[in-house]
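Worksheet: the structure to be examined is printed underneath.
The values are calculated or read from the model by the stated rules, or taken from the named source; none is laboratory data. Since we're looking at a predicted model, the values are computed, not measured. A quick note on method: Cβ atoms are made from the backbone with ideal geometry, for glycine too, and the neighbour counts reach across all protein chains shown. With ligands, DNA and RNA removed, areas are computed over all heavy atoms of the protein, side chains included. Shrake-Rupley method; radii C 1.70, N 1.55, O 1.52, S 1.80 Å.
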Amino acid sequence: MLLTIFLALVTVFIYAIIQYYRYVARYPKGPTPLPFIGNHGELDFVRQHVGFERLSKDFDGICTVFTPSPIVHLRDFQVIKEAFIDNGDDYIGRPKNRMFDMFEFAPNGGVINSVGDNWREQRRAALSILRDFGMGKNVQETLVQSAVADMLEHLDEMKDRSNVDLHWPIQVMVVNVINEIMFGFRHKYSESGPLLKFLIARIFGSKLMFVGMSLPFLVDLPFIGWHVQRFIIDNIDRAMLNYSTDDEPSCFAQAYKQRMLTNKALDEPNLYANCSDFFLAGVETTMTTLRWAMMFMAKHEDVQARLRREIHAVVGTNRLPSLNDQNNMPYTRACVLEVQRFGNVLSNNVYRETGHTIPAGTVVNADLHHVMAHDPFFIDPEKFSPERYITDDGKSLRKELIERTIPFSIGKRACAGESLAKVELVLCLAAMVQHYRILPCVGAEIDLEPIALGILKPKDQNVRLEKAF
Ligand code: HEM
């Protein structure tokens, strides 16, 4: 009897194993997973891009990692392009991740995590409103310049600049840009209390986020997303104070409210979800990239000196750099590209969900880290070298490298704030280097090893600022 039970169990076990590897065979090849746990034992939960890199190294172009559910990694630029651009419509889904529900005000609401018709409608409406407010154009250039000017004024007022934490001034600058666009007002450095209480940085920078992803029921705990939602609600309430839809809107929230009168797809929960999405997506990424920029400048004083020579020659010191100046500043543009390539803040992109070529519903990830850190077009990719982008005549940028520098991802679902972020990055970096020499504190060395938790961030470390003119 015991023998029969044992043989039956062994048979069921062998059958289950065969079924499991049949299921595995439906996906593109990758490191062999173990039943039930997949490749879990070999993942690196903190430095995810390092774990994926190690697991995928023997598989060119495309590879599946089981976590334990399958994630198909697109690792080669041409493969990503073929999927996200040539077959764009097959890759516009997003897998459901309950952790992100805490930022949403409606099921399938907003832009980042929504899918289907609502995603299309919300993205179209949001981008159209942002274009009306000059996204990527001169109106926003003026706004960014003035937020940068506030930041410089704040730094200028410091009595001692030998040990400065740039994290906070950069955060206020970046928050002020997006805050003014979304809600029509900005924070003063001296009165930034609500920002201090706002927990995005802590949520994105904390292991709690990853605990939440693994244990999604935590999202239902009332206090988890409350701070984020409260912050957005308070800001929208302030934007709507005394606003009537007969008035000309002066910010995103008011414009969205006005469009709700004529577009049925726009409603109150999606207004909140959109404001939450654009605020969250726009702050942490841009701020972290600028923090990396400051660290790279402090570490590579030769790069910084060359950058300053170009800025002082083209812009001088009496006004702030503008977007038009870029035409005459190839090295500045090269520095921004190299900061984004090397900093690689969203190394794992935001996961997509596929339609056909791979089984429907599979999670797909464009491995931005692999392209920007290992594509053979980047010679000596582990070196921080803006020079790589400059053509031999020193005047223009190398198109084939720009094409492969994809921190915003590509295709129909690529970053919706790319043009704004680019304005912020170039104007803030150029203005900082124009005004200050950014140096390590006396006796300290800049440590470029990232803290990797979803977003690759630099370690908190202070710098010494010296006036540059
Ligand atoms: C340096 C700064 C930034 C980086 C590196 C970045 C990167 C990204 C990436 C990689 C994605 C995922 C794209 C995909 O699914 O393939 C994304 C999505 C998105 N980003 Fe950004 N982003 C930045 C700044 C911004 C800013 C300033 C805003 C808002 C004004 C913004 C708004 C969004 C939105 C709304 C989405 C979701 C798009 C969708 O699902 O349709 N981002 N971003």
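Remarks
- Within the stretch 56-94, being in contact with a Lys or Arg (Cβ under 8 Å, 6 or more places away or on another chain) and either within 14 Å of the ligand (Cβ to nearest atom) or closer than 13 Å to residue 411 by Cβ (or both) holds for 77, 84, 88, 89, 91, 92, 93, 94.
- Filtered residues of the stretch 120-164 (kept if within 13 Å of the ligand (Cβ to nearest atom) and not in a helix (DSSP H, G or I)): 133, 134, 135, 136
- Strands (runs of 3 or more DSSP E) fully within the stretch 362-469 counting 1 or more residues that are of a type outside the set (A, V, I, L, M) and either on the phi < 0 side of the Ramachandran plot or within 16 Å of the ligand (Cβ to nearest atom) (or both): 363-366, 436-440, 455-457, 463-467
- Restricting attention to the stretch 268-322, the residues that are open to solvent by 30 Å² or more (accessible area, probe 1.4 Å), more than 16 Å from the ligand (Cβ to nearest atom) and among the aliphatic types (A, V, I, L, M) add up to 4.
- Flag for residue 20 being touching a Pro at 6+ places or on another chain (Cβ under 7 Å), part of a helix (DSSP H, G or I) and not hydrophobic (A, V, I, L, M, F, W, C): yes
- In the stretch 91-105, residue modelled with the lowest pLDDT [restricted to those that are assigned to a loop (DSSP other than H, G, I, E, B) and buried (at least 17 other Cβ atoms within 10 Å of the Cβ)]: 104
Here's the yes/no breakdown for (1) part of a loop (DSSP other than H, G, I, E, B); (2) within 23 Å of the chain's Cα centre (by Cα):
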{"site": "284", "(1), (2)": "no, yes"}
{"site": "296", "(1), (2)": "no, yes"}
{"site": "303", "(1), (2)": "no, no"}
{"site": "310", "(1), (2)": "no, no"}
{"site": "327", "(1), (2)": "no, no"}
{"site": "341", "(1), (2)": "no, yes"}
{"site": "345", "(1), (2)": "yes, yes"}
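- Matching option when the condition is within 27 Å of the chain's Cα centre (by Cα) and over 22 Å from residue 131 (Cα atoms), among 317, 288: 288
- Residues in the stretch 410-442 that are in contact with a Ser or Thr (Cβ under 9 Å, 6 or more places away or on another chain) and among the aliphatic types (A, V, I, L, M): 420, 421, 425, 426, 427, 429, 430, 433, 442.
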